[in-house]
Amino acid sequence: MQVKVFANLRDICGGVQVEVKSDGDRVIDILDKMVEMFPEIDEEIFTEEKKLKPFVHVYINGKNIIHLDDLQTKVEQSDQFALFPPVAGG
Amino acid sequence: MSNRYSRQTLFPPIGKMGQEKIRTKHVLIIGAGALGSGNAEVMTRAGVGKLTIVDRDYVEASNLQRQQLYTEEDVAEKLPKAAAAEKRLKAINSEVEIQSIIGDATPEMLAELAGDVDLIIDSTDNFETRMAINDIAQKYQIPWIYGACVASFGMSFTIIPGKTPCLNCLLKTVPIQGLTCDTGGIIGPAVQMVIAHQTAEALKILVEDWEAVRTSFVNFDMWRNQYTSMKMSRAKDPGCLSCGEHPEYPYLEAENMTKTTVLCGRDTVQIRPPHTEGVDLKDMAGKLKALGYEVKGNPYLLSAELEDNRFVLFQDGRALIHGTKDLAQAKSLYNRLLG
């Protein structure tokens, strides 16, 4: 699955898009695999209780997973997966 | 100056008719920092009828690197940004009616202003104000343009009530503790690129060229030469409390706003954000240490010595700002550190 990453997460993942090959088909499986690939991302996206940090958002085909099944949302290979920290500065 | 707008009216999508539309419109800009000063300058030069700019802060030396309306003189005089902006904008174009408001853009203030506003350009530095702008925009059917930047990246999204998803559809909660310009730095070109996107959208909206309005969410990184956009049309949530079938405009309600209070006799302001999922103290301590501040802490709170204030942050997002009684100054400091 192709995961688009944004803002400061690009430094950690080394690019705009990352190929993630996960065994599971839920959002959490994809993110777990990403943590395995890029350990530094763990601290950026997850709280200690393994929830998404309040400023980290996951969009599947442009839809925030908050409106779907959150981290349990099922994804398909062809879905557009975006990991996104909204920026506040102005 | 009869030929003042000649190069703009030569551009066919605007033309003389478009210019006349621009001349009759009222644009509201919330925030007069980096984005606000740039957006205000472009709108003023373009010849809008009226421009209102709201800001609660004053000009500091660290603003001059990117906040294009301000000068060393404004810093020396500690002028409020809104007042300094008004002075400069009037000198740029005396045909535009400039209204400056020094204060916090609260839901009450936004509601008072909303009556005759045609467009809101977001230039604020925090999501709480953006959520209030979003609700006002939905309630009064005013288009608005989100824009934000930090470090070398920026993003923008245009929200047209009744057509596009709104900010509440996209976020649902108020994100705090992301990177801010005070914690992650910022370079001028990232600011200018967001301004370019916001003002291009603004001109399209002012001349009512709705077909031309961008519907995707743009974001870019000026240092790493990356530019992407994301389609958002599917993000519209029919049950959204801001733009759905039964709107309640939750971010205009007092209980959903940050509470600021001066603690009696202590030269301290308490800031209590609403319904946050808490903050990551370890992460925040790391950011403050990286900025060179002395930080102490325990599992419940952190305490940092800033230039003029002591900043104490609790796990639930509540903060005490010691060394001030000024609510606006304290809130501004909080937003600069936590977003």
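If I filter the stretch A:29-42 for residues that are surrounded by 21 or more Cβ atoms within 10 Å (Cβ to Cβ), facing chain B (nearest Cβ under 9 Å) and farther than 30 Å from B:ARG56 by Cβ, do I get at least one hit? Looking through the stretch A:29-42, none of the residues is surrounded by 21 or more Cβ atoms within 10 Å (Cβ to Cβ), facing chain B (nearest Cβ under 9 Å) and farther than 30 Å from B:ARG56 by Cβ. Among the residues making up the stretch B:284-339, those that are of a type in the set (D, E, K, R) and closer than 22 Å to B:ASP267 by Cβ are B:GLU294, B:LYS296, B:GLU305, B:GLU307, B:ASP308, B:ARG310, B:ARG318, B:LYS325, B:ASP326, B:LYS331, B:ARG336. Only one entry in B:SER123, B:SER62 is open to solvent by less than 50 Å² (accessible area, probe 1.4 Å) and under 19 Å from the mean Cα position of the chain (by Cα), namely B:SER123.
Do you know which residues across the stretch A:67-90 are in contact with a Gly (Cβ under 9 Å, 6 or more places away or on another chain) and open to solvent by 30 Å² or more (accessible area, probe 1.4 Å)? Don't jump to the end; show me each part of the working.
Filtering the stretch A:67-90 down to residues in contact with a Gly (Cβ under 9 Å, 6 or more places away or on another chain) leaves A:67, A:80, A:82, A:85-90.
Matches in the stretch A:67-90: A:HIS67, A:GLN80.
Kindly list, by first and then second residue, each pair from a residue in the stretch A:1-24 that is within 14 Å of another protein chain (Cβ to nearest Cβ) and in a loop (DSSP other than H, G, I, E, B) to a residue that is of a type outside the set (D, E, K, R) and surrounded by fewer than 19 Cβ atoms within 10 Å (Cβ to Cβ), limited to pairs with Cβ atoms under 6 Å and residues at least 6 apart or on different chains. Listed by first residue and then by second, the contacts come to A:VAL16/B:GLN226. Among the residues of the stretch A:45-60, those identified as surrounded by fewer than 18 Cβ atoms within 10 Å (Cβ to Cβ) and at the interface with chain B (Cβ under 9 Å from one of its Cβ atoms) are A:THR47, A:GLU48, A:LYS51. Of the numbered criteria (1) at pLDDT below 95; (2) open to solvent by less than 10 Å² (accessible area, probe 1.4 Å); (3) among the aliphatic types (A, V, I, L, M), the one B:ALA32 fails is (1).
Tally the residues that are among the hydrophobic types (A, V, I, L, M, F, W, C) and closer than 27 Å to B:PHE127 by Cβ, restricting the search to the stretch B:90-112. Spell out the reasoning first.
Step one: of the stretch B:90-112, the residues among the hydrophobic types (A, V, I, L, M, F, W, C) are B:91-92, B:96, B:98, B:101-102, B:105, B:109-111.
Pick out the ones that are also closer than 27 Å to B:PHE127 by Cβ and you get B:101-102, B:105, B:109-111.
Qualifying residue count, the stretch B:90-112: 6.
The single condition among (1) more than 13 Å from chain A (Cβ to nearest Cβ); (2) surrounded by fewer than 20 Cβ atoms within 10 Å (Cβ to Cβ); (3) within 16 Å of B:LEU167 (Cα to Cα) that B:TRP210 does not meet is (3). The listed residues are B:LYS236, B:LYS289, and the only one of them that is of a type in the set (Lys, Arg), open to solvent by 70 Å² or more (accessible area, probe 1.4 Å) and either more than 10 Å from chain A (Cβ to nearest Cβ) or under 30 Å from B:ILE145 (Cβ atoms) (or both) turns out to be B:LYS289. All of (1) under 26 Å from B:PRO238 (Cβ atoms); (2) in a helix (DSSP H, G or I) hold for A:ILE30 with one exception: (1). Do we find that B:ARG224 is open to solvent by 10 Å² or more (accessible area, probe 1.4 Å) and at the interface with chain A (Cβ under 8 Å from one of its Cβ atoms) in this structure? Considered against the rule, which asks whether it is open to solvent by 10 Å² or more (accessible area, probe 1.4 Å) and at the interface with chain A (Cβ under 8 Å from one of its Cβ atoms), B:ARG224 comes out as yes.
The values are calculated or read from the model by the stated rules, or taken from the named source; none is laboratory data. Quick caveat: nothing in here was measured; it's all calculated off a predicted structure. All Cβ positions, even for glycine, are placed from backbone atoms using ideal geometry, and neighbour counts span all protein chains on display. Protein only, heavy atoms only, side chains kept; ligands, DNA and RNA dropped before computing areas. Shrake-Rupley method; radii C 1.70, N 1.55, O 1.52, S 1.80 Å.
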